[in-house]
Amino acid sequence: MEEVAPPANPAGNALIKISRVGICGTDLHAFKGNQPFFEYPRVLGHELAGYIEFIPPNSENLKVGDLISIVPYLECGRCLACRMGRPNCCYNLKVIGVHIDGGMQELLSVPVDHLIKGEGLSVEQAVILEPLSIGAHAVRRAGIQPGENVLVIGAGPIGLSVLAFAVQQNARVSVMDINQERLNFASQWTEIGATFSPLDSPLEHLMEYGKGDLPAVVFDATGSANSMMASFNYISNGGKLVFVGLVKADITFNDPEFHRRELTLLSSRNATKPDFETVKKAIQAGIISSNKYITHRSDADHLIAEFEGLFDPDQKVIKAIVEF
Ligand SMILES: NC(=O)c1ccc[n+]([C@@H]2O[C@H](COP(=O)([O-])OP(=O)(O)OC[C@H]3O[C@@H](n4cnc5c(N)ncnc54)[C@H](O)[C@@H]3O)[C@@H](O)[C@H]2O)c1
Ligand SMILES: [Zn+2]
Ligand SMILES: [Zn+2]
């Protein structure tokens with residue numbers, strides 16, 4: 001820990017006193033030094049909730065002392081992606097806690113239009129908006145139709161966020177994972193029709209579950225290239241595959257098969273402010289429980305010693321948050 005000067009706070013920004021920081025896989029890679037696009041030193045923390053310490057006059061009626069959550073993706077507002085209304089994949093995107101210093105510090109300067117009002121939420125509910133918004137965004141991209149058979153592969157914190165919002169589309173949602181503990185957790189998390197293992201004749205079991213039909217929509221949230229390549233096999237003809245997880249590798253597929261089945265392949269990156277609002281509403285409606293999602297808590301004094309354990313599968317971590 002070190003003392004630093006308070007951050008500069010340019011016009012249009014608010015100063016936030018950070019109260020909770022969620023930890024995710026990106027942070028572990030950065031901590032271990034094997035996140036290739038990371039520049040060091042870097043203050044981590046992109047899943048953030050806190051209280052307004054200073055704010056200029058604003059149209060959203062946000063004031064000093066208010067609880068807020070932060071949309072950590074800072075877009076340029078000028079590039080074609082931004083002009084197409086897709087700031088989450090801005091050419092010049094700067095993610096707080098990834099490309100620029102993040103929230104593991106007392107005060108953070110954030111553009112006012114990247115604050116989400118926390119009214120009606122607890123601070124623990126406010127800090128999970130970011131990871132859950134990843135699933136809300138992926139589900140929005142998929143355009144699921146009611147009654148469709150949907151498969152989510154990978155039941156980590158990201159897959160769980162996809163599951164929560166896929167179920168809201170009145171779809172028949174099932175989940176696949178190599179880890180039985182994760183499948184058990186997913187079954188407690190939301191209304192799941194079936195669970196599958198990729199190691200136990202998955203195609204056969206998927207067909208059986210769909211009474212002869214494969215899923216119309218498949219999400220892969222594993223971060224495994226093998227799983228992503230296998231996932232093409234699980235979709236119905238005319239169906240959609242959404243890559244929510246990502247790998248630093250090439251993904252290959254058989255083009256004649258892709259063509260014959262006229263599949264749609266989508267990526268899903270980050271989220272947008274409306275996705276955060278979708279998550280907020282789901283939490284307020286009691287559809288998503290922060291108490292279920294947050295499995296571990298740490299604080300500034302214990303964080304360094306506990307950090308790697310926060311990703312140990314044996315410790316059954318889904319989401320760990322740091323209290324400041
Ligand atoms: N879309 C985005 O903007 C975004 C944001 C954050 C994270 N991610 C990515 O989402 C992915 C998932 O993140 P997470 O934090 O949930 O990860 P995680 O490692 O906690 O969960 C992945 C799950 O996939 C399972 N899995 C691994 N290989 C598998 C296989 N071959 N078949 C079936 N299941 C398998 C694991 O058992 C685990 O339960 C990562 O690739 C991460 O980088 C994407
Ligand atoms: Zn994260
Ligand atoms: Zn841009």
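Residues are listed down the side, and each one gets a yes or a no for (1) closer than 29 Å to Gly77 by Cβ; (2) open to solvent by 40 Å² or more (accessible area, probe 1.4 Å); (3) free of Cβ contacts under 8 Å to residues at least 12 places away in the same chain:
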| site | (1), (2), (3) |
| --- | --- |
| Ala216 | no, no, no |
| Leu241 | no, no, no |
| Val244 | yes, no, no |
| Leu263 | no, no, no |
| Lys273 | yes, yes, no |
Please go through the stretch 32-71 and pick out each residue that is within 15 Å of ligand 2 (Cβ to nearest atom) and buried (at least 19 other Cβ atoms within 10 Å of the Cβ).
-> Leu44, Gly45, His46, Glu47, Leu48, Ala49, Ser69, Ile70, Val71
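Quick check on my filter: what residues within the stretch 226-235 are among the small types (Gly, Ala, Ser) and without any contact (Cβ under 8 Å) to a residue 60 or more places away in the chain? So that I can check it myself, show each step before the final result.
First pass over the stretch 226-235, keeping only residues among the small types (Gly, Ala, Ser): 227, 230-231.
The answer is Ala230, and nothing else.
Of the residues Cys82, Cys24, Cys90, which is touching a residue at least 12 places away in the same chain (Cβ under 8 Å) and more than 14 Å from ligand 2 (Cβ to nearest atom)? Write out each step before concluding.
Values: Cys82 fails: touching a residue at least 12 places away in the same chain (Cβ under 8 Å); Cys24 fails: more than 14 Å from ligand 2 (Cβ to nearest atom).
After applying the criteria, what remains is Cys90.
For the stretch 292-324, enumerate the residues that are within 17 Å of Gly159 (Cα to Cα) and open to solvent by 80 Å² or more (accessible area, probe 1.4 Å). Talk me through it step by step, then tell me what you get.
Our first condition is that a residue be within 17 Å of Gly159 (Cα to Cα); within the stretch 292-324, this holds for 292-295, 311, 313, 316-320.
The answer is Lys292, Pro313, Lys316.
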Which residues, taken from the stretch 181-198, are within 18 Å of Val279 (Cα to Cα), open to solvent by 40 Å² or more (accessible area, probe 1.4 Å) and part of a helix (DSSP H, G or I)?
-> none
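Is it true that Ile178 is surrounded by fewer than 18 Cβ atoms within 10 Å (Cβ to Cβ), more than 18 Å from the chain's Cα centre (by Cα) and either outside any loop (DSSP other than H, G, I, E, B) or among the β-branched types (Val, Ile, Thr) (or both)? Write out each step before concluding.
Working: surrounded by fewer than 18 Cβ atoms within 10 Å (Cβ to Cβ): yes; more than 18 Å from the chain's Cα centre (by Cα): yes; either outside any loop (DSSP other than H, G, I, E, B) or among the β-branched types (Val, Ile, Thr) (or both): yes.
Yes, satisfied.
The values are calculated or read from the model by the stated rules, or taken from the named source; none is laboratory data. Note that the structure is a prediction, hence the values are computed from the model and not measured. When we count neighbours, we look across all protein chains shown, and the Cβ atoms used for this are built from the backbone with ideal geometry, even at glycine. Remember, those area values only see protein heavy atoms, side chains included, never the ligands or the DNA or RNA. Shrake-Rupley method; radii C 1.70, N 1.55, O 1.52, S 1.80 Å.
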